[in-house]
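K.L.:
Once you've had a glance at the structure underneath, I'll fire off some questions.
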Amino acid sequence: MTRYLLRRLGHGLLILFGVSLLLFILQQAAPGDFLSDMKLNSQISEGTAKALRAQYGVDQPLPRRYGRWMLSVAKGELGYSFAYNVSASSLLAPRVLNTLLLSVPALAITWIIAVPLGVVASAWRGRWLDRFFSAGTSLALAMPDLLLALLAILIALRTHRYPVGGMHSVGAQDWGWFARMKDLGWHMALPVAVVVIGSVSPILRQVRSSMIAVLDSSYMRAAEGHGLRKWTLLFRHALPAAANPLISLFGLSVAMLLSVTLLVEVVMSWPGIGPLLLESILSRDLFVVIGAVMLSTLLLVIGNLIADVLLYAVDPRIRVQA
Amino acid sequence: MSSLNVVSPNPEQLLRVSGLSVEYRSASGGIIHAVRDLDLAIGEQESVGVLGASGSGKSSLAAALLRLLPANAEWVAGDIQIRGKSLSTLPRAELRRMRGAGIALISQEPALALNPVLPVGRQIHDVLQAHFTLDQTQCNEKSVAMLRAVGFDDPERILRAYPHQLSGGERQRAAIAQALVCQPAFLIADEPLSSLDAVTQSEVLRLLQRFRRELKMAMLFITHNAGVLSALADRVVVMRAGEIVASGKLDELGRNPDPYVRSLIHPEEALTASNAASTHGASTRGDVRNFPSARTYAATVSATSMNSANFAEQTVRMPQQEGSTPLLEVVGLTKEFTQRGFLSRKKFTVRALDAVDLSLRQGSAVAVIGRSGSGKSTLARVIAGFERADEGQVLLQGVPKEKSQPIVREVQMIFQDAGTALNTRFTAAESIYEPLVIAGQGTELERRQRAVQLMEEVGLDPDWYGRPAGEFSGGQKQRLALARALAADPKLLILDEAFSGLDLPLQAQMLRLLLDLQSRHGLTYLLITHDLNFISLFASEVVVMDEGRIVERTTPLRMRESSQSVTQQLVRSAERMHAPGLEAMA
């Protein structure tokens, strides 16, 4: 098991290295950079621009720039932001936390809803309940996230019960701890709801279809023939047997923690990584973009690692192969 | 503790099925009548055998008795009463309590009857807890006692084990323990032996006999092998196309003139009669018509032993007349598999093949027998080129098989389950000529002509050549697989348990076909099998394997006199099961 994990960890590090290299090469292929826009500004002399390029090291050859970036990664800075003139990590860290504040509860709620509903839908396959779920998930899948987010804003505007956007009420920093938490929860409610509605459908469908495959199996029929209770059959016998594809999907969920809320953050002005990433891409703030992508890759690696460990724990057959 | 909590108006009658009809809706919209207007009564503690070819509705009957019919099946008419209570009107909760505690089911495939991701112990506990209020320790005590009763010396290990960590026989015994742990009054056993090797079959059979006595159970034993029923059934009903066509004691049925009943009770007759009729086979195989049937074996042994001796000697001698280079030679094959444990670095090395030597002459038929896990299948896979041996060599006509060219067209393999070996979306013709496409042989037209010709040869209607392979029945699929193997014009056919999934009359038909093809094309057969059905009629030489080694090389005739305990055990078990065709060994 330890060796298996170490091997997986090694693969993960290799992936991170490969992705960073690829990012550097790709950005090289794109024309221009943050500083090249200065040429258009007649107030900045060519000499100043050149000096700035030298100061930031943009004029250096690619391997050298990559080496310098690696050094700053080792220092935990992830490069620097041209736009804000601070280290990329100091810019990213609070934003990442805000995003996780939104996405972790959202995905947790998604799974808590999707698994039991998927199981129930599979057990009453073809009946009205299953059809109702099937219609509901189709609708949710067909609805663009953007529309959902706008609908949420509309609800907030019409009902006046929810804040229209942002993360804190004005002046909240002076309130007590409990009041601040309540305020935060208040602001979270609608964005979380939008993310949950957007992501519950594929998981519910996956749960349903892998449960159906298991429920049709001969061992489930045998277990039914032994007179087990319906809920024991569904949740104790069928669900663990159906878990493998779900665990892989869970790993993907973890990998999506930084990206699933991107659009919602931008539309509902949640100060997460989404608006920052958008702004950085537009202004070609290279290292902030690379930092964000690297963090996403890191989550992908972590998500897969979690899935592997869970699979190892749930399915005794995988232990034989590993 | 037998817990059918229903009032019984007629104490002798446990089960009464009247006018039962079950229909299946097939995917193409047609309706299949699986059970038609069936009447059956089973008394308390009575054991009834149900005998029938595949597709005769046996398993649908079993499923209907527990109201476990699959979703596409419908209970059309009739009633099932258990101790006077009608099953069709039983409320769900009561039905659930009856399943497992009142009526228990042992299903066909032990590997598929247990949940692969749950420990065996938990699966037994769940059955107990579904019917009784027991705490963890009581559950444990009961399951341990039950596992001991089915013959496990180390029940704690079994409780913790996952199904894949048990052997086929262990799994079937664990499944029996699970079915009987609530001590039901009535047991339905749906082909519980067909996927087990001969020795395990006889162990499980003995176990069921003992439980029947001790728990005073009534029993419905479903099988296609009449031999098993002599030891177990008070009464036998024969099913065909959903109907009961005959019933009575097994020896009475043995005298039934109906050809269908005869084909089930004396499946070897089909083989011997037609073999004699075919002009190709008869001359080389001696007079095999006089082989006694399974049922009358004791009485006629002395009369026929001369004939069968003749036959076996001839078949052994025949191949030796041909050239001196064997078709296939295997020298010192060794193959190991490694398994690793959970959270530990301990490795289990299984030596599947241990310095195996074997040689096959052109035109001979050699059977490799042994219990499951004895390395037979690994041997077949190495010879066919699916696995590479750690040591040793496979020589084909004296030439070592090239490592760069692992699969040689001269060697073809037919697998146990033709259903999974064929791509169900290919048409029959596509399935057959696929090897020719891979070899880049012939034009499209020539390939099609060859496919049609092969279909005729294996006894399939050539008009079906455009049908998808998935629409053929089990026996027909096996013929299709045979035709595909023949398309490559092989010299050696490896039959890896190629008949185990078929019922006995179908097995006999397949063997007949193979013998026919052998005499026509001079094929060489390597038959890998765990049971001894028909072995004396088919093989001239028997190789007995155990734990990766060849323990004995003999003829079917001399197996009985073997001094090897493995061989003895296989023969004795086969006798217990009355394997058809085995009696020629006497």
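K.L.:
Just the residues that are of a type in the set (A, V, I, L, M, F, W, C) and within 14 Å of chain B (Cβ to nearest Cβ), please, taken from the range A:173-230.
P.N.:
Listed by number, the residues that qualify are A:M211, A:I212, A:A213, A:V214, A:L215, A:M220, A:A222, A:A223, A:L228.
K.L.:
Something else about it: Could you figure out which of (1) within 27 Å of A:H11 (Cβ to Cβ); (2) part of a helix (DSSP H, G or I); (3) not hydrophobic (A, V, I, L, M, F, W, C) isn't true of A:S259?
P.N.:
That leaves (2) as the condition not met.
K.L.:
Might you let me know whether the range B:163-173 holds any residue that is out of contact with any helix residue (DSSP H, G or I) (no Cβ under 7 Å at 6 or more places or on another chain) and at the interface with chain A (Cβ under 8 Å from one of its Cβ atoms)?
P.N.:
yes
K.L.:
Still on this structure, I have one more. How many residues, within the range A:175-186, are in contact with a helix residue (DSSP H, G or I) (Cβ under 9 Å, 6 or more places away or on another chain) and assigned to a helix (DSSP H, G or I)?
P.N.:
Total satisfying the criteria: 4.
K.L.:
On to the next question. Scan the range B:545-561 residue by residue and report those that are modelled with pLDDT of 85 or more and buried (at least 24 other Cβ atoms within 10 Å of the Cβ).
P.N.:
Selection gives B:M545 alone.
K.L.:
Next up: Run down A:R284, A:R319 and say which single residue is within 19 Å of A:S87 (Cα to Cα) and either within 14 Å of another protein chain (Cβ to nearest Cβ) or not aliphatic (A, V, I, L, M) (or both).
P.N.:
Exactly one of A:R284, A:R319 is within 19 Å of A:S87 (Cα to Cα) and either within 14 Å of another protein chain (Cβ to nearest Cβ) or not aliphatic (A, V, I, L, M) (or both), namely A:R284.
K.L.:
Here is a follow-up. Consider B:R467 against the criteria (1) buried (at least 22 other Cβ atoms within 10 Å of the Cβ); (2) touching a residue at least 40 places away in the same chain (Cβ under 8 Å): it satisfies all of them except one. Which criterion is unmet?
P.N.:
It fails just one condition, (1).
K.L.:
Counting residues that are within 14 Å of chain A (Cβ to nearest Cβ) and touching a helix residue (DSSP H, G or I) at 6+ places or on another chain (Cβ under 6 Å), which strands (runs of 3 or more DSSP E) fully inside the range B:36-115 reach at least 3? Before the answer, list the steps.
P.N.:
Numbers: elements: B:47-52, B:73-82, B:103-106.
Counting at least 3 such residues, we get B:103-106.
K.L.:
Could you tell me which numbered condition A:F235 fails, if it satisfies all but one of (1) crowded, with 18+ Cβ neighbours inside 10 Å; (2) within 12 Å of chain B (Cβ to nearest Cβ)?
P.N.:
(1)
K.L.:
Residues in the range A:74-105 that are assigned to a helix (DSSP H, G or I), touching a residue at least 24 places away in the same chain (Cβ under 8 Å) and aliphatic (A, V, I, L, M): how many?
P.N.:
Final tally of qualifying residues: 8.
K.L.:
Which condition does B:S88 not pass, out of (1) more than 22 Å from B:Q13 (Cβ to Cβ); (2) in contact with an Asp or Glu (Cβ under 9 Å, 6 or more places away or on another chain), if it passes all the others?
P.N.:
It fails just one condition, (1).
K.L.:
What do you reckon, is A:L249 surrounded by 23 or more Cβ atoms within 10 Å (Cβ to Cβ) and either within 14 Å of chain B (Cβ to nearest Cβ) or not hydroxyl-bearing (S, T, Y) (or both)?
P.N.:
Numbers: surrounded by 23 or more Cβ atoms within 10 Å (Cβ to Cβ): no; either within 14 Å of chain B (Cβ to nearest Cβ) or not hydroxyl-bearing (S, T, Y) (or both): yes.
No; evaluated as a whole, the condition is false for this residue.
K.L.:
Can you tell which of B:Q453, B:Q441, B:Q412, B:Q397 is at pLDDT below 80 and within 23 Å of B:Q518 (Cα to Cα)?
P.N.:
Sole residue among the options that is at pLDDT below 80 and within 23 Å of B:Q518 (Cα to Cα): B:Q397.
K.L.:
From (1) more than 24 Å from B:R213 (Cα to Cα); (2) buried (at least 20 other Cβ atoms within 10 Å of the Cβ); (3) under 21 Å from the mean Cα position of the chain (by Cα), pick out the condition that doesn't hold for B:A62.
P.N.:
Looking at each condition in turn, B:A62 falls short on (1).
K.L.:
To continue, here is another question. Go through (1) surrounded by fewer than 20 Cβ atoms within 10 Å (Cβ to Cβ); (2) at pLDDT 85 or above; (3) of a type in the set (S, T, N, Q); (4) closer than 24 Å to B:L523 by Cβ for B:S431 and report which single condition fails.
P.N.:
(1)
K.L.:
Mind listing just one residue for me: the one in the range B:116-132 that is surrounded by fewer than 20 Cβ atoms within 10 Å (Cβ to Cβ) and closer than 17 Å to B:P184 by Cα and, of those, farthest from the other protein chains (Cβ to nearest Cβ)?
P.N.:
Ranking the candidates gives B:F132 first.
K.L.:
Could you check, for the range A:233-250, whether at least one of its residues is touching a Lys or Arg at 6+ places or on another chain (Cβ under 6 Å), of a type outside the set (A, V, I, L, M, F, W, C) and in contact (Cβ under 8 Å) with a residue 60 or more places away in the chain?
P.N.:
Looking for residues that are touching a Lys or Arg at 6+ places or on another chain (Cβ under 6 Å), of a type outside the set (A, V, I, L, M, F, W, C) and in contact (Cβ under 8 Å) with a residue 60 or more places away in the chain, one finds none in the range A:233-250, hence no.
K.L.:
Which residue is farthest from the chain's Cα centre (by Cα), if the candidates are limited to the range B:209-229 and must be at pLDDT below 90 and within 22 Å of B:G501 (Cα to Cα)?
P.N.:
Per the stated criteria, the residue is B:L229.
K.L.:
While we're on this one: Got a sec? Which of A:L305, A:L277, A:L282, A:L298 is touching a Lys or Arg at 6+ places or on another chain (Cβ under 9 Å) and closer than 21 Å to A:P94 by Cα? Walk me through how you get there before you give the answer.
P.N.:
Values: A:L305 fails: closer than 21 Å to A:P94 by Cα; A:L282 fails: touching a Lys or Arg at 6+ places or on another chain (Cβ under 9 Å); A:L298 fails: touching a Lys or Arg at 6+ places or on another chain (Cβ under 9 Å).
Answer to the selection: A:L277.
K.L.:
Any chance you could count how many residues in the range B:158-210 are aromatic (F, W, Y) and not in a loop (DSSP other than H, G, I, E, B)? Give the steps one after another, and end with the answer.
P.N.:
Just the residues of the range B:158-210 that are aromatic (F, W, Y), to begin with: B:162, B:186.
Remaining after also requiring not in a loop (DSSP other than H, G, I, E, B): B:186.
Number satisfying all stated conditions: 1.
K.L.:
A further question on this structure: Would the range A:199-218 turn up any residue that is free of Cβ contacts under 8 Å to residues at least 60 places away in the same chain, buried (at least 21 other Cβ atoms within 10 Å of the Cβ) and not in a helix (DSSP H, G or I)?
P.N.:
no
The values are calculated or read from the model by the stated rules, or taken from the named source; none is laboratory data. This one's a predicted model, so the numbers in the text were calculated from it and none came from an experiment. Don't worry about glycine lacking a Cβ; one is built from the backbone with ideal geometry, like all the others, and counts go over all protein chains shown.
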